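First comes the structure, then the notes that go with it.
Nothing in this text is a laboratory measurement; each read-out follows from the coordinates by a stated rule. Bear in mind that the values here come from a model prediction, so they are computed numbers and not experimental data. Note that we place each Cβ from the backbone using ideal geometry, even for glycine, and neighbour counts take in every protein chain shown.
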């Protein structure tokens, strides 16, 4: 390159660089210091005082399409034109309006500004309207979603009570549900199978409603009552062919709905949806020592048949609801633990990222649990499938960002720790026993020693001695942990009552839409609100809702007090919006969930997603009928369950039918009852029940108290958690994320990371091997065999079948069982072993390697095998025991 | 032949760096007083830029040619300086202003008043104990109405972040960042649970 060319290259480079430099500098550099000062001291305060209330982002208003809180918006103006034209008083509508000379433009509406202020505005416009308010951090993010078109989707239309369809086979139908079902079968050329037997129905009802098997006496009693109708009586009911006494059946349903087991069974269903767990999961997996209160609240709510809309409001905004007394206050606060139970990465260093993820988790859970809508997909972009723009996500985020979530944990153990809520003296029982004086003294001594150790270490550091950093950290942790352990009790050793829950922040946090969900890319402010597609036009912001007459009426009817939201988070509005009868999704979603829990699959199979990527309802009118039934019966879940159980559709047998199977192999049109594999909890509870070992008393607090505080693998150890043994119902077992009880894990219990409206049902060799080899199963078999031991030998098979399978054995089953039990009669003197001692060890070994024979000691011969226990265990391993027909 | 190419590259890199540096700046200040939507700040020359954050600048938000006579100012800032909230002389030290004044009574001579627009993000902050790294914590709801400012008895250290000559963020170092986030208060008290706020009483129909 020649010298001349290189000189030109340098010059071009400089010009290019200068252009680059000055292109980045804002226009503000053309305004002088004095001009900016004038604006800041004379003009901005007036705009803030007199104009922002109706014309700013923060007020959420743009009357006349005009905003005055940025330079750009003032220059662009509103519906009438530019508000400010630099150096032109005649063209500046802002100036015209403050003069009060034009009847159409008189601002501010409360009164004319003083002459000095008007003079300042005149001067400002004449000097060129200098304005440093270049506050656009990122350009606004616009959405292209057509919300109005989106409202036409089936799930976003309000449910209507449909006409019950007519059918040629309407005589078959016993209830409205049956009419919808038979009409759908008519359409697809299907025929319903016959009804289940009384024995089958009794077992089905017990498991579905309580999660426990019926006792032999209950089976006998109810089978007799249900089978009251003779063949003469059935023939007097033409076309019905029912062999079940429906009145007696209804009595059984009512009895089971009143049993405490109902709440434990159905509460467990809801806890799947609420992703209930006793730990944070995530990176550190710290234990939640107080999550159990929410568990008990759910169980009690189902037992009391709390109206579901009330249940929703309490979980979303319980801490904000008006109360009559302290008991109600405490219960509502505990209910708000719904928002605090989710997965958290408590080791996250960036507090803002942690908080954003917490809010995201709350949005996802709330929307999916109650509305089966995946709003969280819109965190980074518009929803790809549903009409939910990114703005809707951040409108909800504004509500949850203005909420403080209290989930506990110690700062010494988790970077993102918070306090708990203290409910001492408000009614809930303590979750731990009272400390004795000695125990109290021990705790105080531990705390003082820990504090002294820290003090000593600090003194050493100050005197120049080297103290290992890890040591200091450990000592501080010990000090904080011992202090926290002491603070959990009063001075007299009475345990304090703590709970997880939420509170409103003192002030709402403004929320900006984040481009691609990135914290450092904020765009426009988004006012708090709810998804637009589920509201009427322009009724989605909290402001619009607070002045809506319908919403105000709902607040009044629900005794929620004032719909004002400015000083709070807006969660009460959100709760009432979800629980409203006008919300098209809420009643449908819960009705569908109930149907799923009753039948094994929902009318909409994707129970957690009613959006475009979810399934369509197989019986849309039936779904609406169920939703209307729920709302018109005061949102009573028991009423809906009862209605379903009384239907003939629910009482069908599970028998196979070739012709129907060829048309509808998945049984979408309900021509039979689905055979369902029981959940792990129900299998475990059933084993304990049939063996007579089940403890039906609710435990106090959590079993994790003995495991300690802290993260799994750091302060708390997995073997300790897994060694927790109990004979209470499985709903009370500790549910530590990633450390589920083995039996539940094997039988597909969800890990509680997400909303789980339906569980997978796998069939794997692990399950079979577990049932055949696990010591817990063997213990139950031994206990069951012990109960049968006193029965005459010729009745033992029948007794075992009645206990385990709730039916009498067939002749063939008796023959096979007898053969098995007598198999070793020739070589053995007795089939009876010392079961009391073997049940203590829990290990009776059969033969040389079988676990049913007692382990040989040095000088004794092995005892004869316990064939009875082996036979019992074989029945526990059957598919029939693990499924409900 | 290489010399002009190298010269060209160096020039471009320098100028591009300069440009980028002019985009986002941070200033370490001491908040002396808070009144309404205004803060009286003093450039805090003792606070380094720490590990986190942008290019960092020991200057404050009011350097030569800037909106006041006090402290230092970032490069490339002229005229408007503080964008979203600059305010010049005659600030809080000379006016009673609206609302109660909070903070120390006598304002240092080199103090600057800045106006905090509602759109500016105000967060808590802390310095890592060992590395002194500056770490931004959670947002303070209510902005200048937060208890940290309402109850301030002594000056607060803070960092002001600007972008394109506009203040975008103020990060305030507080002893008690947020009782909801600390196991121990600045006084060393351990708080593991707080009483919930009492909701309104149910109206009898």
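Report the equivalent ellipsoid semi-axes for the stretch A:505-576 in whole Å, largest first, defined as the square roots of five times the eigenvalues of the gyration tensor built from alpha carbon atoms.
Values: eigenvalues 131, 43, 15 Å².
The three semi-axes for the stretch A:505-576 are 26, 15, 9 Å.
Most simply put, chain A has about 85% antiparallel DSSP beta bridges, counting only bridges with both residues inside it. Assuming a ≥ b ≥ c are the square roots of the Cα gyration tensor eigenvalues, decide whether the stretch A:27-126 counts as rounded (a/c under 1.5), prolate (otherwise, with a/b larger than b/c) or oblate. Because its axes are fairly even, with a/c under 1.5, the stretch A:27-126 counts as rounded.
How much FRET efficiency would the formula 1/(1 + (r/R0)^6) give for residue A:738 and residue B:132, where r is the Cβ-Cβ distance and R0 is 35 Å, rounded to 0.05? With R0 = 35 Å, the Cβ-Cβ based efficiency is 0.45.
By the gyration tensor of its Cα atoms, with a ≥ b ≥ c the square roots of the eigenvalues, what is the shape of the stretch A:320-445: rounded for a/c under 1.5, prolate for a/b over b/c, or oblate? Could you put the intermediate results ahead of the total?
Numbers: a/c = 3.34, a/b = 1.77, b/c = 1.89.
Verdict is oblate for the stretch A:320-445.
Each stretch of four or more DSSP H residues adds -39500 (n - 2.57); spread over every residue of chain A, this sum gives -13500 deg cm²/dmol at 222 nm.
Stokes-Einstein diffusion for the stretch A:679-746, with the hydrodynamic radius set to the Kirkwood value over Cα pairs and evaluated at 37 °C in a medium of 0.692 mPa s, equals 257 µm²/s. Averaged over peptide B:135-147, the number of partner chain Cβ atoms lying within 10 Å of each residue's Cβ comes to 4. Here the contact order of the stretch A:437-494, divided by its residue count and restricted to Cα pairs under 8 Å and six or more residues apart, works out to 52 percent. With both labels modelled 7 Å from their Cα along Cα-to-Cβ, the residue A:49 to residue A:492 distance reads 5.8 nm. Counts of other chain beta carbons within 10 angstrom of each beta carbon in peptide B:116-123 average 5.
Its relative contact order, with pairs defined as Cα atoms under 8 Å and 6+ residues apart, puts chain A at 14 percent.
When only alpha carbons are used to place a centre, the stretch A:307-354 and the stretch A:454-505 end up 27 Å from one another. Can you give me the angle between helix A:867-876 and the longest principal axis of chain A, using Cα atoms only, in degrees from 0 to 90, rounded to the nearest 10? That helix lies at roughly 40 degrees to the long axis.
On the principal axes of its alpha carbon atoms, chain A extends 116, 89, 77 Å, with the longest extent given first.
Taking square-rooted eigenvalues a ≥ b ≥ c of the alpha carbon gyration tensor, is the stretch A:558-602 rounded, prolate or oblate, where a/c under 1.5 means rounded and, failing that, a/b exceeding b/c means prolate? Prolate, because a/c is 1.5 or more and a/b exceeds b/c.
Work out the FRET efficiency for residue A:87 and residue B:198 from their Cβ-Cβ distance, taking R0 = 56 Å, and round it to the nearest 0.05.
0.45
Highest mean packing first, where packing is the average number of other Cβ atoms within 10 Å per residue, the peptides A:164-175, A:496-507, A:763-774 line up as A:496-507, A:164-175, A:763-774. With R₀ fixed at 30 Å, the C-beta to C-beta distance from residue A:75 to residue A:520 puts the FRET efficiency at about 0.60.
Taking every alpha-carbon pair under 8 Å whose residues sit at least 6 apart, the stretch A:27-126 reaches a relative contact order of 18 percent.
Site pair residue A:325 and residue A:191 shows an inter-label distance of 6.1 nm when each label is modelled 7 Å from Cα along Cα→Cβ. In terms of surrounding Cβ atoms within a 10 Å radius of their Cβ, A:725, A:481, A:148 rank from fewest to most as A:725, A:148, A:481. For peptide A:413-425, the mean count of partner chain Cβ atoms within 10 Å of a residue's Cβ comes to 4.
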